[in-house]
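Trainee: Submitted below is the structure of interest, expressed as structure tokens.
The values are calculated or read from the model by the stated rules, or taken from the named source; none is laboratory data. Bear in mind the structure is a predicted one, so any value in this text is a computation, not a measurement. In this analysis, Cβ positions are derived from the backbone assuming ideal geometry, glycine residues included, and neighbour counts consider all displayed protein chains.
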Amino acid sequence: MKIAISGKGGVGKTTISGTLSRLLGRKGLDVLAIDGDPNPNLAVVLGLTNQEPPPLSSADLLERVEEDGHRRLQLKSSLDELLDKHTLSAPDNVRLLMLGKPEHAGTGCMCGSHAVVREVVHAAVAATSDRVTVLDMEASLEHMKRGTSKYVDALYIVVEPYYRSLEAGRRLAELARELDIKRVSAIANKVRSAEDEQAVREYCNRIDLPIVAVIPFDEHVMQAEREGKTLVDLNGQSTALPRLRALADQIAAN
Ligand SMILES: Nc1ncnc2c1ncn2[C@@H]1O[C@H](COP(=O)(O)OP(=O)(O)O)[C@@H](O)[C@H]1O
Ligand SMILES: [Mg+2]
């Protein structure tokens, strides 16, 4: 199962990716969480603090090959070798691969560049395995423009109940259709009232985008962030967590 999470900056992609990863891991699934954001923070949401991932160098990862007169990049080692070397272990059976961060600035390393991220994401998503892969992406589908999208089982577009976020969601949904992604749906996040929910429902209805989950605005999410904890580790009455748990159940059942 491969799921990708996108949406405008700040809507809650990383919070949702990280929490879902941990919840899926708790079900005994083998989870690979991929942080494809140039400004990575999935590690914290997964409950990893002060841990730097094993350095990733594009020269170690990729090589150029000629194919039908075209030069392209490909992974040097097998995906499993790459994952063994370059992932961090988070609680609940989750492994984290951090890709987006432009590393070794000034050393000519292409890490974090779209080309490198795209190649590695492609390899991870195209691989056949029993693992659940959760992709936390930027507010674009840049990393999927390599035929990667056909391997993605579901794309969740996170939206907040305000116009610019919904507009960004609409554009992403259009792109996703162009890329032929099988299941595209929205997650309404930071919903504060019945009116909020109604506004998102009306908008999504108009653009024919189904909503898989409605997650309330929840102080516990902020609290977890302040305390450097993850929502699943926080003791408290989170209102967002049960909704995410229901979504994880749904994903696991597929
Ligand atoms: N349901 C929610 N309730 C309250 N705050 C939230 C919720 N979801 C996310 N946030 C907060 O919104 C901010 C942005 O979330 P983040 O997951 O980093 O977004 P993105 O990855 O889309 O940029 C964070 O401060 C996070 O704690
Ligand atoms: Mg993020």
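Trainee: Picking from 164, 171, which residue would you name as being over 23 Å from residue 248 (Cα atoms) and touching a residue at least 60 places away in the same chain (Cβ under 8 Å)?
Mentor: None of the other options fit; the residue is 164.
Trainee: Which one is surrounded by the fewest Cβ atoms within 10 Å (Cβ to Cβ), of the residues in the range 119-139 that are within 16 Å of ligand 1 (Cβ to nearest atom) and closer than 14 Å to residue 24 by Cα?
Mentor: Per the stated criteria, the residue is 135.
Trainee: Sort out which residues of the range 5-33 are on the phi > 0 side of the Ramachandran plot and either of a type in the set (Val, Ile, Thr) or in contact with a helix residue (DSSP H, G or I) (Cβ under 7 Å, 6 or more places away or on another chain) (or both), and write them in order of number.
Mentor: 7
Trainee: Between 180, 136, which is modelled with pLDDT under 95 and closer than 27 Å to residue 241 by Cα?
Mentor: Result of the check over 180, 136: 136.
Trainee: Exactly one of these conditions fails for residue 201: (1) touching a strand residue (DSSP E or B) at 6+ places or on another chain (Cβ under 7 Å); (2) among the charged types (D, E, K, R); (3) closer than 20 Å to residue 15 by Cβ. Give me its number.
Mentor: Residue 201 satisfies all of (1) touching a strand residue (DSSP E or B) at 6+ places or on another chain (Cβ under 7 Å); (2) among the charged types (D, E, K, R); (3) closer than 20 Å to residue 15 by Cβ except (3).
Trainee: Being surrounded by 20 or more Cβ atoms within 10 Å (Cβ to Cβ) and either more than 11 Å from ligand 1 (Cβ to nearest atom) or within 23 Å of residue 170 (Cβ to Cβ) (or both) is the filter here, so list the residues in the range 214-229 that pass it.
Mentor: Listed by number, the list holds a single entry, 215.
Trainee: Hey, another quick one. Take the residues in the range 233-248 that are touching a residue at least 40 places away in the same chain (Cβ under 8 Å) and away from ligand 1 (no atom under 14 Å from the Cβ), then tell me which one is surrounded by the most Cβ atoms within 10 Å (Cβ to Cβ).
Mentor: The residue in question is 248.
Trainee: Does residue 159 satisfy being under 14 Å from residue 5 (Cα atoms), surrounded by 21 or more Cβ atoms within 10 Å (Cβ to Cβ) and modelled with pLDDT of 90 or more?
Mentor: Taking the combined requirement at face value, the residue satisfies it.
Trainee: Determine whether residue 174 is touching a Lys or Arg at 6+ places or on another chain (Cβ under 7 Å) and either at negative phi or not aliphatic (A, V, I, L, M) (or both).
Mentor: no
Trainee: Right, here's the next one. For the range 1-33: of the residues being in contact with a Lys or Arg (Cβ under 9 Å, 6 or more places away or on another chain) and within 8 Å of ligand 1 (Cβ to nearest atom), which is nearest to residue 157 (Cα to Cα)?
Mentor: 7
Trainee: Follow-up. Give the range 184-208 a look and list any residue that's more than 16 Å from ligand 1 (Cβ to nearest atom) and in contact with a Ser or Thr (Cβ under 9 Å, 6 or more places away or on another chain), or say none.
Mentor: 204
Trainee: While we're here: Among the residues in the range 205-212, are any crowded, with 22+ Cβ neighbours inside 10 Å and either among the charged types (D, E, K, R) or touching a Leu at 6+ places or on another chain (Cβ under 7 Å) (or both)?
Mentor: no
Trainee: Let me ask another. Checking the structure you have, find out if any residue of the range 162-175 is touching a Gly at 6+ places or on another chain (Cβ under 9 Å) and of a type in the set (Phe, Trp, Tyr).
Mentor: No, the range 162-175 contains no residue that is touching a Gly at 6+ places or on another chain (Cβ under 9 Å) and of a type in the set (Phe, Trp, Tyr).
Trainee: Something else now. Taking strands (runs of 3 or more DSSP E) that fall entirely within the range 1-83, which contain at least 3 residues that are surrounded by 21 or more Cβ atoms within 10 Å (Cβ to Cβ) and within 16 Å of ligand 2 (Cβ to nearest atom)?
Mentor: Output list reads 2-7, 31-35.
Trainee: Same structure, new question: Which of the residues belonging to the range 205-238 are small (Gly, Ala, Ser), touching a helix residue (DSSP H, G or I) at 6+ places or on another chain (Cβ under 6 Å) and under 17 Å from residue 45 (Cα atoms)?
Mentor: Hits for the range 205-238 are 224, 236, 238.
Trainee: Next question. Name the residues in the range 37-68 that are within 16 Å of ligand 1 (Cβ to nearest atom) and at pLDDT 85 or above, would you?
Mentor: Once the filter is applied, which keeps residues that are within 16 Å of ligand 1 (Cβ to nearest atom) and at pLDDT 85 or above, the range 37-68 yields 41, 42, 43, 44, 45, 46, 47, 48.
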